[in-house]
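In what follows, a single structure is set out as structure tokens and then discussed.
The values are calculated or read from the model by the stated rules, or taken from the named source; none is laboratory data. What you see is a predicted model; the values in this text were computed from it and never measured. Ideal geometry is used to build each Cβ from the backbone, glycine not excepted, and the neighbour counts take in all protein chains shown.
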């Protein structure tokens with residue numbers, strides 16, 4: 001998976017610049033709050049963390065993404081901590097954090113390869129007792145479109161879904177196609193500039209049942225779980241790490 005993201009890293013900050021921050025995020029942030037975004041890419045909501053004065057760590061398994069995150073942070077005049085690691089391999093030396101943010105349906109993507117309960121247990125480890133988890137999740141029950149997926153589109157057909165500019169201001173066009181099967185969605189992305197293919201990238205998403213996700217959170221030591229309609233076609237899931245759960 002990280003191999004695909006190496007090619008995507010160069011333009012990723014521009015590619016995700018349209019993503020709206022979760023509606024719940026502003027009310028959670030405050031100066032000095034210890035925040036981790038995982039997997040972070042180039043830092044989906046780094047401007048919001050910076051503006052709030054939070055203490056931020058970006059965690060991602062792809063070194064090229066974190067190097068791009070470093071460049072992105074310089075443009076914001078901030079210097080977040082950077083940790084290169086798969087979420088499942090995080091140790092107690094990372095953290096503790098007051099808030100963990102899993103952005104842009106990253107949980108759906110990771111759950112295609114790893115059971116949600118295993119992922120969420122790993123996410124809980126660096127959270128302090130009482131710390132908050134905020135997840136943007138693709139909820140198939142809502143049957144709505146988001147910035148990278150539309151259940152109303154035909155499988156196997158390429159669509160030009162975004163036009164944007166890179167940092168020098170050169171125009172870019174992103175195309176995507178999707179295919180459904182066995183509770184999964186496979187999505188191919190292509191990025192073009194002046195008719196030239198810059199990269200092709202494939203992701204697989206697990207369509208997560210919210211009831212099953214609540215059960216996975218409970219087994220991983222989370223309480224006070226709530227799910228709300230969010231921004232950009234994604235639901236927002238909030239949960240607190242239980243103070244009495246041993247991980």
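Brief remarks on what is shown
- Residue within the range 220-234 that is assigned to a strand (DSSP E or B), modelled with pLDDT under 95, touching a strand residue (DSSP E or B) at 6+ places or on another chain (Cβ under 9 Å) and under 28 Å from residue 160 (Cβ atoms) present: yes
- Unmet requirement for residue 135, which otherwise passes all of (1) in the same structural domain as residue 186 (by TED's automatic domain parsing); (2) closer than 20 Å to residue 226 by Cα: (1)
- Scanning the range 174-196 for residues being within 30 Å of residue 208 (Cβ to Cβ) and either in contact with a strand residue (DSSP E or B) (Cβ under 8 Å, 6 or more places away or on another chain) or touching a residue at least 24 places away in the same chain (Cβ under 8 Å) (or both) gives a total of 16.
- Residue within the range 67-75 that is closer than 19 Å to residue 147 by Cβ and under 15 Å from the mean Cα position of the chain (by Cα) present: no
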